[in-house]
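*Asks:* Below are the structure tokens for one structure; questions will follow.
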Amino acid sequence: MNTFAGIPQEAFLFYGELENNNTREWWLDHKGTYESTVREPLEALLAGLEPEFGPAKLFRPYRDVRFSPDKSPYKTAQGVFATRQEGVGFYLQVSADGLLVGGGYHSHTPAQLGRYRAAADASASGAALQDIVDALAAAGFDVGGEKLKTVPRGFDRTHPRAELLKHKSLSAGVGLGRPDWVSTAAAGEEIANRWRALRPLVEWVGRYAAP
């Protein structure tokens, strides 16, 4: 396994060019660039972060175009997800825009959603989640996820945590762009620090909403 030395600037340039040349021919001509500037550095990064954040996987670079009117064959970003529980964990994305770091949960079976709503409704666990979300927002993270337009049936529309109850999935993330440290070994600790800030959210959903 290679030692992590940063994410090369060429990785971001690669995705900028891919956005304008999303064809199989271009990809095959530049696959070596993808391997050396995107996949290999991220694999080295994740190997170093795994002891603290759990095993991670790189998402496939190929789009599922079966039911999409957009037949572009390749994703214009590389995502990775580190997790110790199904659907719950830490996210990292490399694209032409730079780095995006996030965390939370994205899968929502009916049983999982029921557990989440019950915990968000309850006084102690709900207040704890509100404090976590407020702290992340104050630290510059965008809190998001799939939401209903209205408070779900069975809950008061004036509930103090009405916005949290609307969520079907819950995550937080921050776009970092291309900071000076991104192409150095220091990127590992910088990314780890953002994931550490997200750990309270990941642990809350892991405790209350995970399968």
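The values are calculated or read from the model by the stated rules, or taken from the named source; none is laboratory data. Because the structure is a prediction, the values reported are computed rather than measured. With ideal geometry, Cβ positions are generated from the backbone for all residues, glycine too; neighbour counts draw on all protein chains shown. The accessibility values were calculated without ligands, DNA or RNA, using every heavy atom of the protein model including side chains. Shrake-Rupley method; radii C 1.70, N 1.55, O 1.52, S 1.80 Å.
*Asks:* Once the convex hull of the alpha carbons of region 22-63 is built, what does its volume come to per residue, in cubic angstrom?
*Replies:* Here the figure is 64 Å³ per residue.
*Asks:* According to the Kirkwood expression over distinct Cα-Cα pairs, how big is the hydrodynamic radius of the chain, in Å?
*Replies:* Result for the chain stands at 18.5 Å.
*Asks:* Counting only heavy atoms of protein chains, what accessible area per residue, in Å², does region 80-151 have with a probe of 1.4 Å?
*Replies:* Heavy-atom accessible area per residue stands at 46 Å².
*Asks:* For the cross-link pairs LYS31/LYS149; LYS71/LYS168; LYS57/LYS147, which exceed 32 Å when the distance is taken from alpha carbon to alpha carbon?
*Replies:* Over 32 Å apart, Cα to Cα: LYS31/LYS149.
*Asks:* Express the carbon and sulfur contribution to the solvent-accessible surface of region 1-137 as a percent, rounded to the nearest whole number, probe 1.4 angstrom.
*Replies:* C and S atoms contribute 53 percent here.
*Asks:* Using a simple spin-label model with points 7 Å from Cα along the Cα→Cβ vector, what separation in nm is obtained for PHE67 and ALA47?
*Replies:* A separation of 3.8 nm, rounded to one decimal place.
*Asks:* Moving to a separate point now. Give, as ranges by residue number, the residues of region 24-49 whose backbone N falls under 12 Å from the point 7 Å along Cα→Cβ of LEU58.
*Replies:* Correct set: 31-47.
*Asks:* Follow-up. Under the √(5λ) rule applied to the eigenvalues of the Cα gyration tensor, what semi-axes describe the equivalent ellipsoid of region 141-211? Give them in Å, descending.
*Replies:* 33, 14, 8
*Asks:* While we're here: How much of the accessible area of region 166-206, in percent, comes from carbon and sulfur atoms when a 1.4 Å probe is used? Before the final figure, lay out each step's value.
*Replies:* On the way: 710 of 1520 Å².
Carbon with sulfur: 47 percent of the solvent-accessible area.
*Asks:* Just need log10 I(q)/I(0) for region 1-126 at q = 0.17, 0.19 Å⁻¹, Debye formula, equal scatterers on the alpha-carbon atoms, no solvent, rounded to two decimals.
*Replies:* -0.95, -1.08
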